[in-house]
Amino acid sequence: MKTLFNACGLSNRMKNKWLRYSICRFHIWMRIRDVIAMVIRRIKGKLYRELIGGAAWFSPVQDMSSQNTFLLTHGTESLIFGYTIYGNVAIISLAFLSGGTYSAFLLRTALDNLLITNHSLTELVIYLIDELDVHHLKNEVYSFVKLGVFTQGLRDACGFYHDLYLFGCAVEASIPPILSGADFNQTSFPRLLMTKLPTLYGDRPAISYTERDEKHDITYRMLPQVVSNLVDQLSLPHAEKRYIALVGENSPFWLLSCLAVLCSGCILVLVDNNHIDTELLGKCATVLSDDHLYSQLNSSLESAQRNEKYEDICRYVIAKPANSIVTVPSVEVDDDALIASTSGTSGAGKHVVLTHGNIISSLAHVMLTTDKYVAPGCEVIFPCMPPCHAYSTVCGFLAPLLYGAEINFGSVNELNLIHRFQEVNPSVLITVPSVMKTLAHCVRDGIGEHEPSRLGFAVVGGSDIDSEIIRLEERLGIPLLCGYGLTECTSFVYCNTVENGKVYLDTDSLNSCFCHLKVVDGHIEVFGRVVAKGYLDGKQFYGHIRTEDAAHFGEGRLYLDGRTDGAIVLANGNKVVPEIIEQNLCCYPSIKEARVYGFKKGNMTLLGVQIVAKDSSCRGAVVADIEKFNETASPYERIVRIECGDEGLLERTALGKIRHVDLSEE
């Protein structure tokens, strides 16, 4: 350069000016290059978000597992989720692209899916590029702890290195053996019913009943053909997603019609035949009703609605020679499957929308608890609940079918429940506490004079464990699985098991990759795939619901402390939870059942109770026991009004739970 300057005869001043210009131009070029690189990175990032066509940054994980990178979106928010599996450990990369309100939902969904498809995993390791994203990992389901920092562990597209922040979480995932190999992002119950169950259980009876002294058996091999024919005979529109209402008593024909609607791709609407919701019925294009309700419903339906009697159509299809053509349902897991109403113990019931994905996930969650008790292909079930609820449908019908059980209705012409129970003599009973107590003497004393009961265990849902249930288990000598659930979670959430006079929490049901239960600030919160889509024409849940059930852990089990939305607020601001007082009252020897309510007297709010006594003629004993309760109760929990009566005194839901009414005035 010096030689060049001398040859050109430039002065020292010109030389210095030229050097300054050259250095300035070099810095300008470097700045332009940085700007161009930044623009390229942003363009690449946008393309990656839109197309996932290639990573905008690289790491050992993504170099080896580009096929395991997914984009999850919800509204305007999105998450890039990539992973590689080493043995029992999944190494996961995350990139939160926008928003934050639903980031926890997106991450839970991604992690649940990962565990469902890779249930041998025992540990998750997540690395973050930006340590500020750590707040996304703070959720109630997966508890991540910081493992350390991997210095310069990531190289971006421009060759620059960045630190990685590592977080870990221990996990345990299980899949029921019957559903092993199922793709829960594609598998639905209708598809399993039509394709897998006939192969597994063949000529074993699926649905049995006796009518006019003639026994009818529909085998698992026949069932897909019967359901396909029934879809055609009921004129159910294939995959048009119309609402189809089903109204009727518990019967084999109700169950077949239920299966037909689910397999048609229409949306099944469960209607309580004892409390018909005309507003809900008005949303349905077709109403399937039994013989007793057909005329009553005809007068209340609009002219555009079709009312069909399903019982005779079912009989015709069962008697008709089987059609060899079976239509495999074209339903997706995100499709709406059914609408079920909440029981409304503390107010008006709500209509909940459940998807096919909710149902298959709930079935898997149920089976994780019941697998240890059930012998697939060997059990006999006696259905004895009103069929119009999610618990009755999912746990009472669909779960037994997955197990290859025989659902035996007994004689459909016999109205006496105890006689039908004795006729069937089931090995498994799925019911509610009130029915279990009614059938208890049949289990204890045997069926008839010589035949012992073969009942191996019972599932009791719809109410918390009370002292009578514990005494009942001790008398019967069989395990009682006392489940807690709600329609918003497709029926079943967790189970307390009563066995050998002791109550313990079934940990398999407390936390699975389908359902997670947490007690947060004294309330039960549920997360996962079992959480319903939302309310009809209302709130959506997005995989998480905070219930109104208060609860606490203690002595190896989960205790329910009543519903906070049903609490009675007194004039002094104290709140009384009726269920807690009712449980305490039922511990007294004269009281069988109780319903506590509040009533106003002037400016005061007082407590009254309706009592069903163990001996209806002993009102004096009931009054004496109430006085004993008042002696130990706090002043604001004392009972000042007592009503005694028979079973009809207490208003109940369809599942037999006591319905709590609003405050009355005097």
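Of all the numbered requirements in (1) touching a residue at least 60 places away in the same chain (Cβ under 8 Å); (2) out of contact with any His (no Cβ under 9 Å at 6 or more places or on another chain); (3) part of a helix (DSSP H, G or I), LYS241 misses one, and that requirement is (3). For the range 380-394, the criterion of being surrounded by fewer than 24 Cβ atoms within 10 Å (Cβ to Cβ) and either over 24 Å from VAL271 (Cα atoms) or of a type in the set (Asp, Glu) (or both) is satisfied by at least one residue. Here the range 539-584 is the region considered, the condition is being modelled with pLDDT of 80 or more and assigned to a loop (DSSP other than H, G, I, E, B), and the residue that is surrounded by the most Cβ atoms within 10 Å (Cβ to Cβ) is GLY543.
Could you please find all residues in the range 122-160 being aromatic (Phe, Trp, Tyr), modelled with pLDDT of 80 or more and out of contact with any Phe, Trp or Tyr (no Cβ under 8 Å at 6 or more places or on another chain)? Listed by number, the list holds a single entry, TYR142.
In the set (1) open to solvent by 70 Å² or more (accessible area, probe 1.4 Å); (2) part of a loop (DSSP other than H, G, I, E, B), the condition left unmet by ASP232 is number (2). Report the residue count in the range 294-306 for those that are surrounded by fewer than 19 Cβ atoms within 10 Å (Cβ to Cβ) and either part of a helix (DSSP H, G or I) or touching a strand residue (DSSP E or B) at 6+ places or on another chain (Cβ under 8 Å) (or both). Residues meeting the conditions: 7. A single entry from CYS284, CYS258, CYS266, CYS314 fulfils the requirement of being open to solvent by less than 10 Å² (accessible area, probe 1.4 Å) and at pLDDT below 90: CYS284. Scanning the range 200-229 for residues that are surrounded by 21 or more Cβ atoms within 10 Å (Cβ to Cβ) and hydroxyl-bearing (Ser, Thr, Tyr), which turns out farthest from VAL269 (Cα to Cα)? Top of the filtered list is TYR201.
Yes or no: the range 358-371 includes at least one residue that is under 23 Å from THR653 (Cβ atoms) and of a type in the set (Ser, Thr, Tyr). Yes: the range 358-371 contains one or more residues that are under 23 Å from THR653 (Cβ atoms) and of a type in the set (Ser, Thr, Tyr).
Is there a residue being closer than 30 Å to LEU398 by Cα and surrounded by fewer than 17 Cβ atoms within 10 Å (Cβ to Cβ) anywhere in the range 150-173? Checked against the condition, which is being closer than 30 Å to LEU398 by Cα and surrounded by fewer than 17 Cβ atoms within 10 Å (Cβ to Cβ), the range 150-173 yields at least one hit.
Of all residue pairs spaced 6 or more apart or on separate chains, those with beta-carbon atoms under 7 Å, a first member in the range 505-527 that is assigned to a strand (DSSP E or B) and a second member that is basic (Lys, Arg) are LEU505/ARG557; HIS523/ARG546; GLU525/LYS518; GLU525/ARG546; PHE527/ARG108.
Among the residues making up the range 131-170, those that are assigned to a loop (DSSP other than H, G, I, E, B) and either hydrophobic (A, V, I, L, M, F, W, C) or without any contact (Cβ under 8 Å) to a residue 12 or more places away in the chain (or both) are VAL141, PHE144, ALA157, CYS158, GLY159, PHE160.
Quick grid of which residues meet (1) in contact with a helix residue (DSSP H, G or I) (Cβ under 9 Å, 6 or more places away or on another chain); (2) assigned to a loop (DSSP other than H, G, I, E, B):
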position: TYR316; (1), (2): yes, no
position: VAL333; (1), (2): yes, yes
position: TYR373; (1), (2): no, yes
position: PRO376; (1), (2): yes, yes
position: ASN408; (1), (2): yes, no
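The values are calculated or read from the model by the stated rules, or taken from the named source; none is laboratory data. The structure presented is a predicted model; accordingly, all values stated were derived computationally and were not measured. Neighbour counts run over all protein chains shown; Cβ positions are idealised from the backbone, glycine included. Heads up: the accessible areas ignore ligands, DNA and RNA and are worked out on the full protein's heavy atoms, side chains in. Shrake-Rupley method; radii C 1.70, N 1.55, O 1.52, S 1.80 Å.
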